[in-house]
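What follows is a single structure, written as structure tokens, with notes after it.
The values are calculated or read from the model by the stated rules, or taken from the named source; none is laboratory data. Everything quoted here is computed from the prediction, not taken from an experiment. Because the Cβ atoms are built from the backbone with ideal geometry, glycine has one as well, and the counts that use them run over all protein chains shown. These accessible areas exclude ligands, DNA and RNA; they are computed on the full protein's heavy atoms, side chains included. Shrake-Rupley method; radii C 1.70, N 1.55, O 1.52, S 1.80 Å.
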Amino acid sequence: MISNQILQKTVDGLAEITKADFAVLDSDGVSLASTFADVDTYAGEAGDFARSSADSQTIADCHFFKVYDDKQLEFVVLVRGDDEAQSSTIGRMAAFQIEELVVAYKERFDKDNFIKNLLLDNLLLVDIYNRAKKLHVDIEANRVVMLVECASFTDGDEMDRVRNVFGGRSRDFVTAVDENNIIVVRYLDSPDNAYEELERTARVIVDSFSDRPDSDRVRVSYGTVVSELKDVSRSYKEAAMALDVGKIFFKEHQIIAYSVLGIGRLIYQLPIPLCKMFIQEIFEKKSPDEFDEETLTTINKFFENSLNVSETSRQLYIHRNTLVYRLDKLQKSTGLDLRVFEDAITFKIALMVVEYMKYMEDLKY
């Protein structure tokens, strides 16, 4: 559970403070971390000691101590020093320190598993409350789930980058339930101005990847704030939906909140057969995805300017009559006049539905 790197850092620190040599071995006598080179010469003695009933033992110039994890032997700590009495005391302190590390990492591992199962709705309500109490996790607190998607996990430091954003905040959880996304369960001190704070935090996360060539493909989404632990899974599902909907309808945004998805949230939940029926009903002869680039640019700019003909023609650098001609031509081919509000709304929804259908089709391949 504890990595060899952590064990090595621990014995290096102990050696620097006490000026003694340390080693940590497994129950078979295999060295996991050491401050001296000839640790393998003690493998036999360490293995014999591990199989014995003694909790500590002195052999020649070395002191051996056992480290347990819930009564199960986890490590053998070896201390080598000139002063026997001092080495014995130091060894006991080292064994205690590593045992506390085992407990801390086990609790962290248990919390991580608890949060993962909570997010995935794998726990009964009674289990949520019982395990939360055991792991000292607040049941009633303001939380929100944030999802961080990286273009690739090739560097291997993605989790550390996100964790560094939150520093040592013990009430925040950073984990992952799949190979694509990092999940943050964010603890909020107060629900006041929560979404402004989340937006700032999301920006910091995105900026933490700015040195990578694919930084523009990093996306952060977040759900709504929940006040009870049992509702964290709902915030996670909202964040997951926001991430997907953002890729479809907000491609230019690296940060997207569930609360601003608008009609995209409704379209995303439509079954594909119903979408196809809608498109066929509105456009009997021509689908919106068949329009040329000029027509699509005209349509999008017209919507951006709230159906204002004069402003749209100005921004497109074309004469007003040219824009009117294009709109008339579009009306003839689709039966929809974008200058009429109801037709414009229908056309806009149709464009979004087509975009959604394309996205879902691409997911199959």
* Structure fact -> the stretch 197-245 and the stretch 288-328 have their Cα centres apart by a whole-number Å value of 35 Å
* Structure fact -> FRET efficiency (E228, S88; Cβ distance; R0 41 Å; to 0.05) is 0.20
* Structure fact -> So the carbon and sulfur contribution to the accessible area of the stretch 106-256, 1.4 Å probe, in percent, is 46 percent
* **Tensor-based shape of the stretch 195-274 (alpha-carbon gyration tensor, a/c under 1.5 rounded, otherwise prolate or oblate)** => oblate
* Asked: What accessible area per residue, rounded to a whole number of Å², is obtained for the chain using a probe radius of 1.4 Å?
  -> 55 Å²
* Size of charge dipole - the chain - debye, nearest 20, with Cβ of Lys, Arg +1 and Asp, Glu -1, no other charges -> 1720 debye
* Asked: For Rg and Dmax of the Cα atoms in Å, the choices are (i) 30.4, 100; (ii) 22.4, 86; (iii) 19.7, 58; which was calculated from the structure?
  -> (i)
* Asked: Which values of log₁₀ I(q)/I(0), to two decimal places, follow from the Debye formula for the stretch 120-278 at q = 0.10, 0.19, 0.21 Å⁻¹ with a uniform point scatterer at every Cα?
  -> -0.39, -1.24, -1.42
* Asked: Going by alpha carbons, how many degrees (0 to 90, nearest 10) lie between the helix axis of 84-119 and the longest principal axis of the chain?
  -> 20 degrees
* Report the antiparallel proportion of the DSSP beta bridges in the chain as a percent, rounded to a multiple of 5. => 90 percent
* Starting at the first residue of the stretch 64-78, write each ³J(HN,Hα) from the Karplus equation 6.51 cos²θ - 1.76 cosθ + 1.60 with θ = phi - 60°, in whole Hz, x for Gly and Pro. => 10, 9, 9, 10, 10, 10, 6, 6, 9, 4, 10, 9, 10, 9, 10
* **Net +/- balance of residues flanking G29 in space, Cβ distance below 12 Å, scoring K and R +1, D and E -1** => -4
* To do: Taking GluC sites (Glu not before Pro) as candidate sites, keep only those in a DSSP loop with at most 16 other Cβ atoms within 10 Å, then name the longest stretch of the chain containing none of them.
  => 1-178
* Counting only residues 5 or more places away or on other chains, whose amide H sits under 5 Å from the amide H of L336 once H atoms are built in the peptide plane? -> none
* Structure fact -> Residue-normalised 222 nm signal for the chain, counting each DSSP H run of n ≥ 4 as -39,500 (n - 2.57), nearest 500 deg cm²/dmol, is -16500 deg cm²/dmol
* **³J(HN,Hα) computed for each position of the stretch 293-305 - Karplus, 6.51 cos²θ - 1.76 cosθ + 1.60, integer Hz, glycine/proline x** => 4, 4, 5, 5, 5, 4, 4, 5, 5, 5, 5, 4, 9
* To do: Kindly express, to the nearest 10 degrees and within the range 0 to 90, the angle between helix 4-18's C-alpha long axis and the longest C-alpha principal axis of the chain.
  => 50 degrees
* Asked: Which whole-number percent is the relative contact order of the chain (Cα, under 8 Å, 6+ apart)?
  -> 10 percent
* To do: Treating each Cα of the stretch 230-365 as an identical point scatterer and ignoring solvent, apply the Debye formula and state log10 I(q)/I(0) at q = 0.10, 0.14, 0.17, 0.20 Å⁻¹.
  => -0.39, -0.73, -0.99, -1.23
